[in-house]
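The values are calculated or read from the model by the stated rules, or taken from the named source; none is laboratory data. Please read these numbers as outputs of a predicted model, since none were measured by experiment. Every residue, glycine among them, receives a Cβ derived from its backbone with ideal geometry; neighbour counts consider all protein chains shown. Only protein heavy atoms, including side chains, enter the accessible area calculation; ligands, DNA and RNA are left aside. Shrake-Rupley method; radii C 1.70, N 1.55, O 1.52, S 1.80 Å.
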Amino acid sequence: MSFAIAGMGWVTPLGNGVDAVWERLLRGDEASATLISEQFGDRSYSAFRVPESALTGLAHPRLRRASVISRFAATAGLDALQAAGVKVDSQNAGRIALIFAISNGGVIYTKRFYRDVVETGAQSASPLLFPETVFNAPASHLAAILGVTGTTYTVVGDGAVGLLAIKMAEDVMTDKSLDYCLIVGTEEVDWLLCDAYRRWRLLRSGPPIEPFGKQKRGMILSEGAGAIVLARGGPITVERAHPGGCYGKRGEAEEVLKGILRDLSEVEIDVVISSANGTFIDQAEQGALEQVIPDAVTYAAKPALGESVGASGLWQVMLGAQALRRGELPPVLHADAAISLRLAHSRMALVGARRAIILSSGVNQQVAGLRLALR
């Protein structure tokens, strides 16, 4: 059964609101980098951070001490439900499922909690910080804020986790007692996280992110959240969610991607939303796309928004939905004109586009894909 996207919510380094962020992408805007430093570290890192203005108006007692990712998630989740016309009350609270996609968890709060332990002893560590270190803290906050009493899950993975959460949502929605499923992906940025990706040789020192480049200079991490409400009817449907796959070595990623693309492209595909981020992922996706569906137009948003890891998969789905709904694509920033893929180097009209593939490749061996259709 195909489920439809009934509403979406977006919190990004370019601000919040689906239409507002989309318009900025169409204009060719990109996020501004902020330098993050650490008193015990000898390096500073560039990151794309969410501006404070994107979270104005969000007030709830439970969020006073909540982690950054919980605030992002609450903003995006509430916006998605509002866009879907869903008001949670005692009559439908048990008919809404909630699935969270998360990758790095409450890194900031984890660091703060254990730093207190190391510096001043276990007796000085705040018990208020510890709950934010667990991966399902954001889901708990949002469920409590909304009053949702239906099924709640937290899915942990890499950059492909958002699409895997949608696949789980399809399975959850086979329960006829549920009317909606709210899926939220969220991420925060911290010096410790940047340092880890730099040690894995995946991070570049500063912008720009150069998609599909011959030299894999790396990515810039970003933060924010994306939220999607799945319902049983609507014009933009998740026509097929692929179960995904894994690769053992980086060189194997292209073969896994080709298998997913073949499974999803048994019908004509107009556009592909790529997860190219300036790493080895780009080469793998380019090779698979050129061999399986070379005629489809490819769009990559991470040069503009950064690599948001836990939130990135849902951002890509939202981009695909917007492209089909609006019939156009923003420009792919900082891409070499000689790249053999069909890229939107400038704002591009998609006349008659009906289907889009979302291709999400994580740097930690997970790969996922799904197909959207405009009814």
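See the values below:
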{"item": "Output for region 317-338, where each listed residue is outside any strand (DSSP E or B), open to solvent by 10 Å² or more (accessible area, probe 1.4 Å) and at pLDDT 95 or above", "result": "Arg325, Arg326, Gly327, Pro331, Leu333, His334, Ala335"}
{"item": "Residue satisfying condition, being open to solvent by 30 Å² or more (accessible area, probe 1.4 Å) and under 19 Å from Ile166 (Cβ atoms), within set Leu374, Leu370", "result": "Leu374"}
{"item": "Which numbered condition Leu370 fails, given (1) assigned to a helix (DSSP H, G or I); (2) closer than 14 Å to Ile236 by Cβ", "result": "(1)"}
{"item": "Criterion (of a type outside the set (Asp, Glu) and closer than 17 Å to Asn364 by Cα) met by exactly one of Ala288, Ala311, Ala321, Ala304", "result": "Ala311"}
{"item": "Helices (runs of 4 or more DSSP H) fully within region 222-315 counting 3 or more residues that are open to solvent by 10 Å² or more (accessible area, probe 1.4 Å) and in contact (Cβ under 8 Å) with a residue 60 or more places away in the chain", "result": "280-292"}
{"item": "Single unsatisfied condition, Gln365 versus (1) touching a Gly at 6+ places or on another chain (Cβ under 8 Å); (2) open to solvent by less than 30 Å² (accessible area, probe 1.4 Å)", "result": "(2)"}
{"item": "Candidate set from region 80-96 (those that are under 26 Å from Asp19 (Cβ atoms) and part of a helix (DSSP H, G or I)); member that is most open to solvent (accessible area, probe 1.4 Å)", "result": "Gln82"}
{"item": "Neighbours by Cβ (under 9 Å, 6+ apart or cross-chain): first from region 346-367, under 12 Å from His242 (Cβ atoms); second basic (Lys, Arg) and modelled with pLDDT of 95 or more", "result": "Ile357/Arg371; Ile358/Arg371"}
{"item": "Flag for Ile99 being part of a helix (DSSP H, G or I) and open to solvent by less than 50 Å² (accessible area, probe 1.4 Å)", "result": "no"}
{"item": "Region 42-60: number of residues that are in contact with a helix residue (DSSP H, G or I) (Cβ under 6 Å, 6 or more places away or on another chain) and either in a loop (DSSP other than H, G, I, E, B) or open to solvent by 20 Å² or more (accessible area, probe 1.4 Å) (or both)", "result": "2"}
{"item": "Scan of region 339-352 for residues that are open to solvent by less than 70 Å² (accessible area, probe 1.4 Å), over 21 Å from Gly313 (Cβ atoms) and not in a strand (DSSP E or B), ordered by number", "result": "Ile339, Leu350, Gly352"}
